[in-house]
Amino acid sequence: MLVYADNAATTQMSRKALDVLFETSETVWGNPSSLHSVGQKAKEILEDARLRIAKAIGAEPKEIYFTSGGSEADNQALISAATFGARKGKKHIISTRFEHHAVLHTLQKLEKQGFEVEYLDVHRNGLVTADQVREAIRPDTALVSVMYANNEIGTVQPIREIGAVCRAAKVPFHSDAVQAIGHIPVDVVRDNIDLLALSAHKFHGPKGIGVLYARKGTLLVNVIEGGAQERGKRAGTENIPAIASMAAALEESLQNLEANRDRIIPMRDRLIEGLSKIPHSCLNGDRSSRVPGTVNFCFEGIEGESLLLLLDAQGIEASSGSACTSGSLDPSHVLLALGLPHDVAHGSLRLSIGEYNTPEEIDHILTVVPQVVEYLRNMSPVWEDLENGKRPHIL
Ligand SMILES: *Cc1c(COP(=O)(O)O)cnc(C)c1O
């Protein structure tokens, strides 16, 4: 049995998204900037997709900018808000310790340019609060950036309340909603969001395409210079097939949102209950404020990497955190942000399931993971020390 349980890293394209990608590539190959009819046909598809994507998140079409994905959208959002903030003498930015690297690395770059970034602590339950944001806002705050749902542990932040705090203080609010869009309802008006990033490949669309939402009146700077596409804010010939496919994938996800949730949550909850029975383990992040599909566990006395390799050998494709940190020896910055000690954070496992998984696959995971954890613990000198009382158990 092959079980793909790494949907937070990327998802398999849906049949519908694949069909639209292929058909659009074949029939709508014009350049939307061309004035002839082949070009104008492409322009129509582009504007239709913009309208549908806008509608899906409660935005207006002119607030939608197509980008190469979530990372580019995050980069442009942060750099824009920082640039226009600085022009008014505002160089203070508020974010959190457990953002995606697309946000964290952009903020680090801004710090080198003289911005002061305040990284809010994340509670052990994987949540930040609107009060934390309220207390951190200063007269010179140029931007608040808090992710909607965390990619490693799946916790969903109180975005509406945080947005309301920012709106009241007239501070632009950006949210990396890549893990939320297509999985839980997001509405940029209800949530008081000024800038938002989404990415098609996290909801069964193609890779390399995403959206930056920028509320009316929110100024943008270019990160890609060139032609006047996207109202002059993002140069480059638009990837019409991918854009049309993304619109189809998003609509499909939203049409099936409740049915998928009702299917995925019971499977996820079974994972949580089953894996919690493993001694000296813990679920990372709040039990209920989370996206339907993502769970993250720590198991004391083992290495996440060895666990992943053995699971892969048993047909289970999972992750120890984000795809970007796997391969490095540092424990996940997200788990450290929750206050987990290094040793414990090393023994982590992220399982992110979706509507393509089956209850039988969950059974398989629940049979294999406890066996593999026990096997690894039996070979682990750290576990021996824990069992002999030479080191105290933390979990
Ligand atoms: C995947 C992901 C991104 C990056 O999106 P890409 O389209 O792969 O560039 C950014 N933020 C979060 C939370 C993600 O999960």
* To do: Kindly express, to the nearest 10 degrees and within the range 0 to 90, the angle between helix 37-57's C-alpha long axis and the longest C-alpha principal axis of the chain.
  => 50
* **Relative contact order computed over the chain (Cα-Cα under 8 Å; 6+ residues apart), in percent** => 22
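Please go through the stretch 212-258 and write out the trypsin sites (Lys or Arg not before Pro) that DSSP classes as loop and that have at most 14 other C-beta atoms within 10 Å. Could you put the intermediate results ahead of the total?
Details: sites: ARG215, LYS216, ARG231, LYS233, ARG234; in loops: ARG215, LYS216, LYS233, ARG234.
When the trypsin sites (Lys or Arg not before Pro) of the stretch 212-258 are filtered for loop state and at most 14 Cβ neighbours within 10 Å, LYS216 remain.
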* Can you work out ³J(HN,Hα) from phi for every residue in the stretch 264-278, in order, using Karplus 6.51 cos²θ - 1.76 cosθ + 1.60 and θ = phi - 60°, giving whole Hz and x for Gly and Pro? -> 7, 4, x, 5, 4, 5, 5, 4, 4, 5, x, 6, 5, 6, 5
* Structure fact -> With Cα coordinates, the longest principal axis of the chain makes an angle with the long axis of helix 101-112, in degrees rounded to 10, of 70
* Fewest to most neighbouring Cβ within 10 Å: what's the order for THR27, THR129? -> THR27, THR129
* Structure fact -> If one compares the long axis through the Cα atoms of helix 304-313 with the longest principal axis of the Cα atoms of the chain, the angle in degrees, nearest 10, works out at 90
* List the residues whose amide H sits under 5 Å from the amide H of TYR148, counting only those 5 or more places along or on another chain, with H placed 1.01 Å from N in the peptide plane. => ASP176, ALA177, VAL178
* To do: Calculate, axis by axis, the spread of Cα positions in the stretch 15-255 along the three principal axes, and write the results as whole Å, longest axis first.
  => 54, 36, 27
* To do: Give the order of TRP383, TRP29 when sorted by the count of other beta carbons within 10 angstrom, beginning with the fewest.
  => TRP29, TRP383
* **Distance between the stretch 92-151 and the stretch 222-244 - C-alpha centres, whole angstrom** => 28
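Since every read-out is calculated from the coordinates, none of them should be taken as a lab result. Since this is a predicted model, take the numbers as computed values, not measurements. All Cβ positions, glycine included, derive from the backbone under ideal geometry; neighbour counts span all protein chains shown.
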